[in-house]
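Report on the structure given below.
The values are calculated or read from the model by the stated rules, or taken from the named source; none is laboratory data. Every value quoted in this text rests on a predicted model; they were computed, and no experiment measured them. Methodologically, a virtual Cβ is constructed for each residue, glycine included, from the backbone with ideal geometry; neighbour enumeration extends over all protein chains shown.
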Amino acid sequence: MIKPRRFRVLFVDDRHYVHNYARRLSKGMSHAHAYSPEEAEKLISARLKKIDQMRVQKMKAAERARSPQRRAAIKKQLASIENMRDSPFDLIVSDINMPDMHPVGVEFARGLRQRFPKMRVLMHSDDLEFLADLEEEGIPSAFKSRYDQKGTEAQLKKRMMEQLRASRRSGGANWKPRGRAS
């Protein structure tokens with residue numbers, strides 16, 4: 001039986017309590033946390049490096065494979081790995097309004113959109129001005145959040161799951177099964 005792998009989610013926010021919400025929201029998912037866009041870029045680069053290492057290992061395995069069936073299976077795995085380069089995470093959840101950094105959140109979203117057009121990005125802010133900036137950039141997955149209000153955690157979870165399901169349905173760059181057929 002082929003088991004689907006866990007979603008990979010990156011949370012970017014400068015507030016510690018948001019990362020506490022993120023831990024609860026991402027149970028059952030593979031997740032990482034960054035406190036600034038710069039940290040997030042480092043995590044993305046590390047993920048891309050790991051993907052490249054997987055690619056090299058599979059290429060070596062393809063060279064050693066003797067049966068045509070095994071070579072074909074490895075070619076499919078290589079194609080999946082190439083797709084992962086297009087979207088190193090299934091979803092990035094990021095705050096827009098980080099102190100002393102606006103419009104870094106908007107710039108961060110713009111840069112992600114240019115480098116990884118297939119990657120899902122969910123931006124949030126408690127300031128409507130910043131959400132308008134994102135709308136102008138053509139990033140529709142933004143919403144107003146207030147972490148001190150009851151229900152915001154549920155709203156964020158709902159938005160995250162909508163984005164992740166959409167990624168799976170569209171055959172998102174990172175959605176490939178893991179495991180082996182039995």
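Of the numbered criteria (1) without any contact (Cβ under 8 Å) to a residue 40 or more places away in the chain; (2) hydrophobic (A, V, I, L, M, F, W, C); (3) over 24 Å from Glu162 (Cα atoms), the one Leu48 fails is (1). What are the residues in the range 1-20 that are hydrophobic (A, V, I, L, M, F, W, C), over 20 Å from Ser167 (Cβ atoms) and either surrounded by 13 or more Cβ atoms within 10 Å (Cβ to Cβ) or free of Cβ contacts under 8 Å to residues at least 24 places away in the same chain (or both), if any? Passing the criteria: only Val18.
Here is the figure for the range 21-51: residues that are farther than 15 Å from Leu112 by Cβ and surrounded by 13 or more Cβ atoms within 10 Å (Cβ to Cβ) total 10.
Any chance you could count how many residues in the range 53-92 are charged (D, E, K, R), more than 21 Å from Arg6 (Cβ to Cβ) and either within 16 Å of the chain's Cα centre (by Cα) or surrounded by 12 or more Cβ atoms within 10 Å (Cβ to Cβ) (or both)?
3
For the structure I just gave you, tell me whether Gly105 is at pLDDT 80 or above, under 20 Å from Ala34 (Cα atoms) and not in a loop (DSSP other than H, G, I, E, B). Judged against the criteria, Gly105 is not a match.
Of a type in the set (Lys, Arg), within 28 Å of Ala154 (Cα to Cα) and surrounded by 16 or more Cβ atoms within 10 Å (Cβ to Cβ) - does that describe any residue in the range 93-116?
Yes, the range 93-116 has at least one match.
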